[in-house]
Amino acid sequence: MVKEEKSKRSEVKGDKDVKAVSVKKNENFSEWFSEIIQKAELADLRYNVKGLLVFQPWSVLAMEKMYGILETALQRKGHKPYWFPTLIPESNLKKESSHVKGFTPEVFWVTQGGETKFTEKLALRPTSETAFYQMFSTWIRSYKDLPFKTYQRANVFRYETKATRPFLRSREFHWIETHCVHKTKEDAMKQVYEDMETTKEVLHDNFGLPFIFFERPAWDRFAGADRTFAADVLNPDGKVVQQPSTHLLSQEFPKGFDVKFKDNDGKEKYPWITCYGPAISRIFASVVIVHGDDKGLRFPWSISPLQVVIVPIKDNDKVLAKAEELKKKIAETIGIMNVEIDKSEKSAGEKFNHWEMKGVPLRIDLGEKEIDAKKLSIFRRDLNKRESIDEKELVNYIHKIAKEFDANLVKQADHIFDNLVKEVSNMKEMKKIIEEGGIASCNFCSVDKEGAKCAEMVEKEIGAQVRGTKLGEENKIGKCAVCGKAGKERVYIARAY
Ligand SMILES: [Zn+2]
């Protein structure tokens, strides 16, 4: 009996060698990402409108949890939730000139309802400043109404002309946008810093994503912003992905929308507005990319659609009864939605591959041998390692893993930028670093408008972008690595999506 069990287990081990993804993440990142999306069933790309995709349950369940964490953080900081209409009248968009200029090329327009042609076109929201601020002008009256902090979770539409890529750049995406109104510019800047803190708290500490915060140069600011700050995450192909950005808007916005308040000195004033836009579907892409490996996804514990899966090695009553008993026990600890028994017809080896591809944090492989020995064999996806515990320790073990799992992923991910940011002093060195998949740091003439020429040169010669200045870093004076004139700033240059 014991011997038979042993031979079965070695067959199972043999199956485990089946390759889940046909390419290695670090060798062919683009293909790896495409395969993961299909094999882990994250999105179906066969929908018949170009640039739009169908998000499947495995990504939606994770993104729901991500929304939950982010919304809790925002509410804790005083933001109130709203649901605004998806349609915005063209006249709203026109109220702030640089905003309309920036977004118009990307707007989807609704021009008729049924057979009736509208006298005014309606935009499918590309972002909702011009919807919110229209209402702010009717809601905000006095300094006592400030700060006025809002957010909404929404899908937004942008007619992207660059090549679309599932999750990273699609024509409809899912995000949160916050819009806050403040009495003074100082208060508004405090909000911008608070948004950056939220990004750190949620993206890094919860989702395990390392990033660098940059203040964007003048030519790369959000349309209508005085200042734009954004977090860049790095992909294995050396390109950075812009994650949440937060903006101090120009006062053209309150002026354009007539948002005013009566201050405590009795005078009417224009407030300062900030907005912040974490895109959940894009952040999800970074979670997949940063933590995934050659076997598939690795979800952080806190956002995994499923935290524990029990795989019965043998399909008999004894094993299945034990599996149900364990499931009940685990459900009391982490909730019934977070634990499942794999009762599919697949072989044990196929099941192992399947759940490793799906990125479930813990897998309990249950056979008669384990039941008889009152032991459990558990595979943990953070360390890709099997552990054996006493059955009676199960609940304590899950508590322990719930605490340390995400910390392990963060620790591994935190090395992503190691040795990749290199200092350069001319274009030749810059090109070399960028082509090796790194990020170049150099002196630069200016991040105001007059530096745009040097940025264009970098784009043209190297295909890379000036991501901006690093927050909290002192400027050093030195020659601009592009034009050789006296530099005013230290900037970071990378290729980006
Ligand atoms: Zn220059």
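Taking the Cβ of Glu461 as the center, what net charge do the other residues with Cβ under 14 Å away carry, scoring Lys and Arg +1 and Asp and Glu -1? With Lys, Arg at +1 and Asp, Glu at -1, the neighbours total +2.
Under Stokes-Einstein, with the Kirkwood radius over Cα pairs as Rh, the value for the chain at 37 °C and 0.692 mPa s is 131 µm²/s. Once you reduce region 428-497 and region 303-373 to the center of their Cα atoms, the two points are 51 Å from each other.
Distances over 17 Å make up what percent of all Cα-Cα pairs in region 288-340? Of all Cα-Cα pairs in region 288-340, 48 percent lie more than 17 Å apart. Seen through its C-alpha gyration tensor, with square-root eigenvalues sorted a ≥ b ≥ c, region 32-113 comes out oblate because a/c lies at 1.5 or above while a/b is not bigger than b/c. Summing Lys and Arg as +1 and Asp and Glu as -1 over all other residues whose Cβ lies under 14 Å from the Cβ of Asn338 gives a net charge of +3.
In order along region 169-179, the Karplus-derived 3J(HN,Hα) couplings, from 6.51 cos²θ - 1.76 cosθ + 1.60 at θ = phi - 60°, round to 8, 10, 7, 10, 9, 10, 8, 10, 10, 10, 9 Hz, and Gly and Pro are given as x. Note on Glu435 and Tyr270: the model spin-label points, each 7 Å out from Cα along the C-beta direction, lie 4.8 nm apart.
Each helix, a run of at least 4 DSSP H residues, gives -39500 (n - 2.57); summed and divided by the residues of the chain, these come to -11000 deg cm²/dmol at 222 nm.
Take the Cα of Ser91, go 7 Å toward its beta carbon, and the backbone nitrogen atoms of region 249-263 under 20 Å from that spot belong to 253-260.
The per residue volume of the convex hull around the alpha-carbon atoms of region 221-279 is 90 Å³. Taking only the Cα atoms of region 263-373, the radius of gyration and Dmax are 22.5, 80 Å. You can think of it this way: the chain between Lys392 and Ser347 has 13.4 nm of extra reach, that is 0.36 nm per residue less the Cα-Cα gap. All C-alpha pair distances within region 421-496, sorted into 5 Å bins from zero, spread as 4, 19, 32, 28, 14, 3 percent across the bins. Using a Cα-Cα cut-off of under 12 Å, which aspartates and glutamates could be cross-linked to Lys351, ignoring same-chain neighbours fewer than 8 residues away? Partners within reach: Asp15, Asp342, Asp365. Partners of Lys346 within straight-line reach, counting lysines whose Cα lies under 17 Å from its Cα and excluding those fewer than 8 residues away in the same chain: Lys8, Lys13, Lys16, Lys19, Lys39, Lys314, Lys358. Annotation: extensible slack from Gln112 through Ser30 equals 25.5 nm (criterion: 0.36 nm per residue apart, minus Cα-Cα distance).
Residue order for Thr274, Thr104, Thr138, Thr469, fewest other beta carbons within 10 angstrom first, comes to Thr138, Thr104, Thr469, Thr274. Fewest neighbouring Cβ atoms within 10 Å first, the residues Arg153, Arg125 line up as Arg153, Arg125.
Within the same chain, lysines fewer than 8 places from Lys422 are excluded, and of the rest, those with a Cα less than 17 Å from its Cα are Lys239, Lys431, Lys432, Lys470, Lys476, Lys479. Here the dipole of region 301-405 is about 200 debye; that uses its Cα centre as origin and unit charges on the Cβ of Lys and Arg (positive) and Asp and Glu (negative). Of Glu423, Glu489, Glu356, Glu172, the sequence from fewest to most neighbouring Cβ atoms within 10 angstrom is Glu423, Glu172, Glu356, Glu489.
Each other residue within a Cβ distance under 13 Å of Lys329 adds +1 if Lys or Arg and -1 if Asp or Glu, for a net charge of -1. For the residue pairs Lys24/Lys403; Lys318/Lys400; Lys50/Lys295; Lys144/Lys267; Lys328/Lys403, the C-alpha atoms sit more than 24 angstrom apart in Lys24/Lys403; Lys318/Lys400; Lys50/Lys295. When the chain is described by a simple charge dipole with +1 on each Lys and Arg Cβ and -1 on each Asp and Glu Cβ, the residue from Val202, Leu366, Asn264 located farthest towards its positive end is Asn264. Converting the Cα gyration tensor eigenvalues of region 29-291 into ellipsoid dimensions via √(5λ) gives semi-axes, longest first, of 31, 23, 16 Å.
Under 5 Å from the amide H of Leu366 lie the amide H atoms of Val311, Ile313, each residue being 5 or more positions distant or on a separate chain, with H modelled from the backbone and absent for Pro and chain starts.
No lab work stands behind these numbers, since they all come straight from the coordinates. It should be emphasised that the depicted structure is a prediction, and the values quoted were computed from it without experimental measurement. Note that we place each Cβ from the backbone using ideal geometry, even for glycine, and neighbour counts take in every protein chain shown.
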